[in-house]
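The values are calculated or read from the model by the stated rules, or taken from the named source; none is laboratory data. No experiment lies behind these values; they were computed from the predicted model shown. No Cβ is skipped: glycine too gets one built from the backbone with ideal geometry, and neighbour counts run over all protein chains shown. Only protein heavy atoms, including side chains, enter the accessible area calculation; ligands, DNA and RNA are left aside. Shrake-Rupley method; radii C 1.70, N 1.55, O 1.52, S 1.80 Å.
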Amino acid sequence: MASLLQFEKRLLPFHLLKFFMRMTYIFFNSFAIYAGEKEISPASIDAPSPLAQTPSSFRKPQNHRTETSVTEALSTEALWFGFSEEVSIANRHKTPINKAPGIITVLTADEIKHQGYRTFAEILRAVPGFEILKDASFGAVSPAVRGLTGSEKIRVMLNGHLVNTPLSGGAFTRFDDFPVENIKKIEIIRGPGSAVYGENAFLAVINIITKDARDIDGVRVSSGYGSFDTYEENVVFGKTYGKIDISGLAHYRQTTGFHGIVESDYQTVLDKELNTSASQAPGRVQDERQQFTLNLKMVYKDFYVEGMYLNKDKEPFIGPQFALTDESDIANNYVFGEIGYKKTFEEKFTLKPRLYYDQFDDNFFIKSLPDGATIQNTLGNLVTFPDGFIGNGKVSEKVVGTEIPFDYALFDNNLLTIGFEYRLINQTNIDYLTNFNPKTRDPLPQLQDFSDEFPFLKEVTRRIWSLYLQDAWDITDTVNLTLGIRHDQYSDFGDATSPRSAITWAFMKNASLKVLYGKAFRAPSFEEMYISEQPAIEGNENLDPETIRTYEVGLSYQANKYYACSVNYFYNDIEDLIGLRSLGNKSSTSQFENLGDAHVQGIEIEGRVNITKRNYLLMNYTYQNPEDNRGDNLPFVAKHYGNFGINTHLWKYVNTNLSAFFSGNRSRDNDDPDEKRDDLPSYALLNLSIIAKKFFKTMEVQGTVFNLLDKDYSDPGPVVIPDDLPRPGRTFFVGLSYQF
């Protein structure tokens, strides 16, 4: 009986898919009848809808005027499932969404602005299956996607340039507060992408595409103020000078951050054990941040140059030992430069070489235990730190790389892509100062330099050689086949091979089916392999990369010019997950290890109703069932997520957007004492954004209220913080912008 129940449990997603298909069929037919009754006027008959068009690659040639009108209509409607909408994230060249070999979401600048989001991380909550969690130790965003958490499992790019740091493997430490003003659109693959991009393209791939000179055509200045003394200043500029296009962004943001209260922390536990009173709990979290960003892009004929500088200074929220303190500070500097060239020869051969340089500089000044903290040293003796337990580590990662891809049209409707990439990553300039002896944990009267004797990271060099091959073939007018494979060779831990296959089929007008398979990997980060001499965590140079095999089936349908929907099924088979495991023997240190395997299956549903221009409804729902190899639920992720939004633009001077995000219950870690803490409860957040525009021609005023109903909710916290991590209640932001 138990095995039968388990079998039925695994079939639940298929039952849900079957039920949704039936309901969608009934809805399509009823909606089509309703829409047909409304479309009987001569005007509506004469005006073809872009939503009802056959994919561009399958249509007969049309005159320039018709194509232009279709393109303009598509851009104003801001479609998610528009068959003629083209994306480049799936296979490195522009492809209609219905043919692209991946499950893709596109967020446009209009959608982002309408919903009032201020930062890159906030935007992602609107994507199916995404939840944005707060990391307790260093305060960065830790996204949860398709059943797993971790920013290191998501590849983030800016105009195709990788911005994940080699130290942690993630991008959200720096890019969680990346501004939205200069974003043209965001393309997102939900699923593996290593066959195209290599490391970190594990659960998702995100490409932030910025506005170019023609999108801006002038200077746009904006300023705003919000909760927690948040200030923002932005200048977005773009202009064409002869044959040179110049565009970019200058951005400054500062905030005191959310002041949530933590009632009990790790130091509280120590105080109870040792009969001391050093804990600062109850006390507020430390979330103050300030950031300066400068991005510049220049294009001349077939050449382009892009550069970026980002400086961020932040507090660590709670800290790596999960004890409230003061004085901690994390400073990040990031700079990259890239130069590239694109040239097509005889309409068959396209060459796109590029050369790039990245530098990530980190300065961690961490007071991990408060004044007067008492701990056991390595000999078991009690020692006290009058000024707290302090460590100051500095490190730089320098990346030099080149990539040489080219596309070749073997014959009509067949495009072969071959590429080579080489990266040299050097971890250097390591400094380490502490007020304790790293070997004995005995206190010192002041900070001392242990950079040579006990470096907290190892100076290493990682060389990566990569070769990839892809063939995209329109077998017929309605069937497309994509096959690809990539091999990455790492100098410090081995190699990884990532194949993929995809077939898309336009089996009827305005409907497409995708069947996808892909394998991806996530390379161990420098922190996971090489961190040492730390009281909390220790690296492991014998780690294997995480791997994932994903099977997907996607169905999208455009019922008419009003309604579009998509339903996707996915199954993830994951091996060698990397995590922390206690060393035991009363040690407070944990080491990175390959902990085991996991399996996740789920269904994602998206729908959109376009009523009239800029008046639309949207929704998405995700069901997922994440389990480890013992059949236990994976921690910190919900089985149910959902979004619903309505945008109204009934008057040309005012736009109103109401959006809601829902998350179901979230499981605890298996090591969490079940008798003390229940699963985290479900919650829903409601946001309201209003834009008043066309004052003095180009002036706009926008006001947004987040968590409108002041919902009290928490993000998952470690065992030593029983009440989890507090999250903000009702907040607001008001902004003013003007286009010159």
Just add up the charged neighbours of THR731: K/R +1, D/E -1, any other residue whose Cβ is under 13 Å from the Cβ of THR731.
0
Among the listed pairs LYS343/LYS394; LYS94/LYS134; LYS185/LYS243, which are separated by more than 32 Å between their Cα atoms?
LYS343/LYS394; LYS94/LYS134
Hey, with R₀ at 60 Å, roughly what FRET efficiency would ASP217 and GLN376 work out to, going by the Cβ-Cβ distance, to 0.05?
0.40
Got a sec? What order do GLU181, GLU233 fall in by accessible area at 1.4 Å, biggest, i.e. largest, first?
GLU233, GLU181
If each of PHE454 and ASP632 carries a label point 7 Å out from its Cα toward its Cβ, how far apart are those two points in nm?
3.3 nm
Separation between the LYS272 and GLN489 pseudo-spin-labels, each 7 Å from Cα along Cα→Cβ, expressed in nm?
5.5 nm
Under the definition of Cα pairs under 8 Å and six or more residues apart, what whole-number percent is the relative contact order of the range 572-723?
14 percent
Taking the Cα atoms only, what angle lies between the long axis of helix 2-38 and the longest principal axis of the chain, rounded to 10 degrees?
40 degrees
Relative contact order for the chain: what is it in percent, counting Cα pairs under 8 Å that are at least 6 residues apart?
11 percent
Residues in the range 412-446 near a label at THR384, defined as backbone nitrogen under 14 Å from the 7 Å Cα→Cβ point?
443
When each of LYS297/LYS613; LYS301/LYS561; LYS652/LYS711; LYS211/LYS301 is checked by Cα-Cα distance, pairs over 26 Å
LYS297/LYS613; LYS301/LYS561; LYS652/LYS711
Quick check: net charge around ILE97, other residues with Cβ under 11 Å of its Cβ, Lys/Arg +1 and Asp/Glu -1?
0
For the range 245-313 and the range 553-576, write down the distance between their C-alpha centroids in whole Å.
35 Å
Expressed in angstrom and rounded, the centroid-to-centroid distance over alpha carbons for the range 130-179 and the range 470-512 is 26 Å
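How much mean residue ellipticity at 222 nm does the chain get from its helices, if each DSSP H run of length 4 or more adds -39500 (n - 2.57) and you divide by all residues, to the nearest 500 deg cm²/dmol?
-3500 deg cm²/dmol
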So what are the three principal axis dimensions of the range 155-292 from its Cα atoms, in whole Å, longest to shortest?
74, 41, 22
Could you put LYS509, LYS711 in order of accessible surface area, largest first, with the 1.4 Å probe and the full protein assembly present?
LYS509, LYS711
Nearest 20 debye, what's the magnitude of the dipole of the chain about its Cα centre given +1 on Lys and Arg Cβ and -1 on Asp and Glu Cβ?
3180 debye
Ignoring everything but the protein chains, give the 1.4 Å probe accessible area of ARG730 in square angstrom, nearest 10.
130 Å²
Can you give the accessible area of PHE237, probe radius 1.4 Å, in Å² rounded to 10?
60 Å²
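Take the solvent-accessible surface of the protein heavy atoms, probe 1.4 Å, and return the percent of it on the chain that carbon and sulfur atoms account for.
Using a 1.4 Å probe with all protein chains present, the chain comes out at 57 percent carbon and sulfur.
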Using only the alpha-carbon atoms, how far is helix 64-77 inclined from the longest principal axis of the chain? Give it as 0 to 90 degrees, nearest 10.
40 degrees
Please list GLU604, GLU575, GLU85 from largest to smallest accessible area, probe radius 1.4 Å, with all protein chains kept in place.
GLU575, GLU85, GLU604
Accessible area (Å², per residue) of the chain, counting only protein heavy atoms and a probe of 1.4 Å
43 Å²
Total formal charge among the other residues, if their Cβ is under 9 angstrom from that of TYR422, Lys/Arg +1 and Asp/Glu -1:
0
Give the distance, in whole Å, between the Cα centre of the range 351-427 and the Cα centre of the range 608-636.
31 Å
Cross-link partners of LYS348 among aspartates and glutamates (Cα-Cα below 19 Å; sequence separation of 8 or more within a chain)
ASP302, ASP407, ASP412, ASP471, ASP474
Just need the Rg to Rh number for the range 569-651, please, alpha carbons only, Kirkwood Rh.
1.26
Considering the options ALA409, TRP465, THR384, tell which one lies farthest towards the positive end of the dipole of the range 382-470, charges being +1 on Lys and Arg and -1 on Asp and Glu at the Cβ, about the Cα centre.
THR384
Assigned charges on the beta-carbon of Lys, Arg, Asp, Glu; the range 176-334 dipole about Cα centre (debye):
920 debye
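Using a Förster distance of 22 angstrom, determine the FRET efficiency expected from the C-beta separation of TYR571 and ASP669, and round it to 0.05.
Details: r = 24 Å, r/R0 = 1.07.
The pair TYR571/ASP669 has a calculated efficiency of 0.40.
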What are the extents of the Cα atoms of the range 314-403 along their three principal axes, in Å, largest first?
76, 27, 17
Using a 1.4 Å probe on heavy atoms of the protein chains only, the accessible area for THR482 in Å², nearest 10, reads 0 Å²
For the range 248-376, what number results from the quotient of the Cα radius of gyration and 2.2 N^0.38 Å?
1.67
The lysines whose Cα lies under 19 Å from the Cα of LYS272, excluding any fewer than 8 residues away in the same chain, are LYS586, LYS676
